[in-house]
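Let me begin by presenting the structure, written as structure tokens, before commenting on it.
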Amino acid sequence: MEEKKQIRLTSAEIAQLWAQYLNDTASECMLLYFLEKVEDGEIKPIIEYAAQLSSTNIQKVRTILIEERNTLPQGFKVEDDVNLKAPRLFSDTYVLHFIHQMAKIGLTAYSASLSSAVRKDITEHYKSCLTETMTLFEMSKDMLLAKGIYVRSPYFPNLDHIDLVEGKSFIWDFLGEKRPLSAMEASNLYANTQRNSLGIATLMGFSQATKSKDVTQFFIKGIEIAKKHVQSFTGKLAESDIPVSVSWATEVTDVTTYVFSEKLMMFYVASLNALGISFYGTAIAQSPRIDLGVMYNKMSMQVQLYSEDGANIMIKNKWLEQPPLASDRKELTNKNNQS
């Protein structure tokens, strides 16, 4: 305990804890709503487990930040940001896919948090988060498989020999001729198709459940962008005779009443935008074919501009919390001189 008190949190540890608190308070609101509306008895335990993870992590992070004399983020609260009595906005199938995707993202996020942790208690915290999220990932995947609704990535023929790259045509397309997609390129195109399709369904539900004109228009614009991206991804897959059809638009009900606060919905869309840019960056690094890199760069710019529109709406409505910043030495010097 004495050692723990002597060692301060690093900037990386503070950043990860701060972000986790926001994400888990937001997730708790959505998961408790899903739990209230679930009808499938097989899916309900998975939602319960996910909600319990969020609640437990909130308490852990709150304790750590308070002990280190850090002000807690405002985050989100069930009493302020969700109407648990609202009708169903999404089907149980959507919820199961949503949890599965969030578990995937959580595995990546917690791995990064663990790798940046130095202090023993923070390391143990993220080891625990990673283990629990692995369990949630397996639970959701197994249920999707059991219900026959898991969408697998494309199959490739078995490897029977080794080939070496012999020309620039592996990267460049000459006279419009493109080589077939590599397994990694196809995997990224499939995954980004899946994520954008789920994003379309999410934005459809959000757009129905908001009253502000600028927020509604923002969500509709996001749907249009995501649809174009899905068309581009499936087009690239089709060029290599790899058919992929993923859509969850039918899993959104016709509910138009208040379900989630606009602050919560805007936060989720902002988070999805940031993740989208990150995934596109990974796809660029893993896609040698030059046309794919150009496509992903263009898409990343579109998402960045869209994110800026969202940030402006959040700033105008005082919904955007400022992350921890380094000390402004000039301001401190000026204050000292004025006194």
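The values are calculated or read from the model by the stated rules, or taken from the named source; none is laboratory data. This one's a predicted model, so the numbers in the text were calculated from it and none came from an experiment. All Cβ positions, glycine included, derive from the backbone under ideal geometry; neighbour counts span all protein chains shown. With ligands, DNA and RNA removed, areas are computed over all heavy atoms of the protein, side chains included. Shrake-Rupley method; radii C 1.70, N 1.55, O 1.52, S 1.80 Å.
Whether a residue is of a type in the set (S, T, N, Q) and under 30 Å from T256 (Cβ atoms) was assessed, and T123 does not pass this test. Residue check: R119 meets all listed conditions (1) within 18 Å of Q101 (Cα to Cα); (2) more than 19 Å from the chain's Cα centre (by Cα); (3) open to solvent by less than 30 Å² (accessible area, probe 1.4 Å) but one, namely (1).
Quick check, is V294 aliphatic (A, V, I, L, M) and more than 30 Å from K37 (Cβ to Cβ)? So V294 passes the test.
How many residues, within the stretch 299-319, are farther than 19 Å from H229 by Cα and open to solvent by 90 Å² or more (accessible area, probe 1.4 Å)? The number of residues fulfilling the criteria is 3. Residue selection: M139 satisfies the criterion of being in a helix (DSSP H, G or I), modelled with pLDDT of 90 or more and open to solvent by 50 Å² or more (accessible area, probe 1.4 Å). Once the stretch 63-95 is narrowed to residues that are open to solvent by less than 50 Å² (accessible area, probe 1.4 Å), in a helix (DSSP H, G or I) and of a type outside the set (S, T, Y), the residue that is nearest to G41 (Cα to Cα) is D92.
Close contacts from the stretch 106-118, counting a first residue that is on the phi < 0 side of the Ramachandran plot and a second that is among the basic types (K, R), with Cβ to Cβ under 9 Å and a gap of 6+ residues or different chains, come to Y110/K127; L114/K127; A117/K127.
Of all the criteria given as (1) over 18 Å from N188 (Cβ atoms); (2) touching a Pro at 6+ places or on another chain (Cβ under 6 Å), the one not satisfied by S240 is (1). A Cβ distance below 8 Å, combined with a sequence gap of six or more or placement on separate chains, defines the contacts here; from the stretch 69-85, residues that are closer than 17 Å to L320 by Cβ reach residues that are assigned to a helix (DSSP H, G or I) and open to solvent by 50 Å² or more (accessible area, probe 1.4 Å) in the pairs L72/R62; L72/I66. The sole residue among S271, S261, S278, S287 that is out of contact with any strand residue (DSSP E or B) (no Cβ under 8 Å at 6 or more places or on another chain), farther than 20 Å from P180 by Cα and in contact (Cβ under 8 Å) with a residue 12 or more places away in the chain is S271. Residue by residue through the stretch 9-46, note down the ones that are over 23 Å from S140 (Cβ atoms) and assigned to a loop (DSSP other than H, G, I, E, B). Once the filter is applied, which keeps residues that are over 23 Å from S140 (Cβ atoms) and assigned to a loop (DSSP other than H, G, I, E, B), the stretch 9-46 yields L9, T10. Taking the stated definitions as given, is T256 modelled with pLDDT under 95 and assigned to a helix (DSSP H, G or I)? Judged against the criteria, T256 is not a match. In the stretch 1-12, the residues that are closer than 10 Å to V118 by Cα and open to solvent by 100 Å² or more (accessible area, probe 1.4 Å) never reach a residue that is modelled with pLDDT of 90 or more and in a loop (DSSP other than H, G, I, E, B) with C-beta atoms less than 7 angstrom apart, at least six apart or across chains. Criterion applied to D291, D241 was being more than 20 Å from F98 (Cα to Cα), part of a helix (DSSP H, G or I) and at pLDDT below 95, and the one residue passing it is D291. Among the residues of the stretch 35-62 satisfying the criterion of being of a type in the set (V, I, T) and within 16 Å of S128 (Cα to Cα), which is most open to solvent (accessible area, probe 1.4 Å)? Ranking the qualifying residues of the stretch 35-62, first place goes to T56. Annotation: of all residues in the stretch 253-275 being surrounded by 19 or more Cβ atoms within 10 Å (Cβ to Cβ) and among the hydrophobic types (A, V, I, L, M, F, W, C), the one that is nearest to P87 (Cα to Cα) is V259. Only residues that are touching a residue at least 60 places away in the same chain (Cβ under 8 Å) and surrounded by 15 or more Cβ atoms within 10 Å (Cβ to Cβ) were counted in the stretch 236-252, giving 8.
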